[in-house]
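Down below is the structure, laid out as structure tokens.
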Amino acid sequence: MTNPPHFKGFKPIGLPEENNPVVLNYEEYEAIRLSDFELYSHLEASQIMEVSRPTYSRIYESARRKVAEAFVLGKAILFEGGKVFFDTEWFSCNSCGCCFNHPEKEQRINNCTLCGSTDIEQYTENTHLNPSEDRCICPKCGHEKIHSPGVPCRIEICPACNSQMVRKGAPHQHQNRNCN
């Protein structure tokens, strides 16, 4: 996969906000993109994704079930995680905690894509955290908790003030990889 989607997800129109979205892993998104948008066969798509055809079929089936669940139950869809490698540079914003990639390799990145801050840093091969240092933090009251692998911090709700939490510092082993 060269790049993740250029958006973070979808929300149903006309329903109240829900904190239980369907999480579509990047490889599931890629499987739907390859088979349903690009119209590759499962064999061709599995070769592009460099997985076996049976593995591809399992990824694709999981993705379609999640999309169906979101449509039928009116849930939001979030894109993230999974076992993928992005052929782009990754950055972290020290102001808001946002982690983002930069698909335009020729252009220099100067600002956070979320808050616009210039206080950003690029991840390198040496950027990694001890799992005990990987934490979610409340931006309002500062409450911290150990990050639960596979659960986005933004889905976590602060027990102290009921605010949405964010990832503290660099993401868990985000050396151009996002493996939950």
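Summary table below
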| quantity | calculated |
| --- | --- |
| Residue in the range 42-64 that is farthest from the chain's Cα centre (by Cα), counting only those that are aliphatic (A, V, I, L, M) and within 9 Å of E28 (Cα to Cα) | I59 |
| Candidates S57, S41, filtered to the one that is of a type in the set (S, T, N, Q), modelled with pLDDT of 90 or more and exposed (fewer than 13 other Cβ atoms within 10 Å of the Cβ) | S41 |
| Filtered residue count, the range 125-138, keeping only those that are at pLDDT 50 or above and crowded, with 16+ Cβ neighbours inside 10 Å | 5 |
| Of the criteria (1) modelled with pLDDT under 90; (2) exposed (fewer than 12 other Cβ atoms within 10 Å of the Cβ), which one V51 fails | (2) |
| Leading residue by the ranking (surrounded by the most Cβ atoms within 10 Å (Cβ to Cβ)) among those in the range 16-38 that are acidic (D, E) and without any contact (Cβ under 8 Å) to a residue 12 or more places away in the chain | D36 |
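The values are calculated or read from the model by the stated rules, or taken from the named source; none is laboratory data. These figures come from a predicted structure and were not determined experimentally. When we count neighbours, we look across all protein chains shown, and the Cβ atoms used for this are built from the backbone with ideal geometry, even at glycine.
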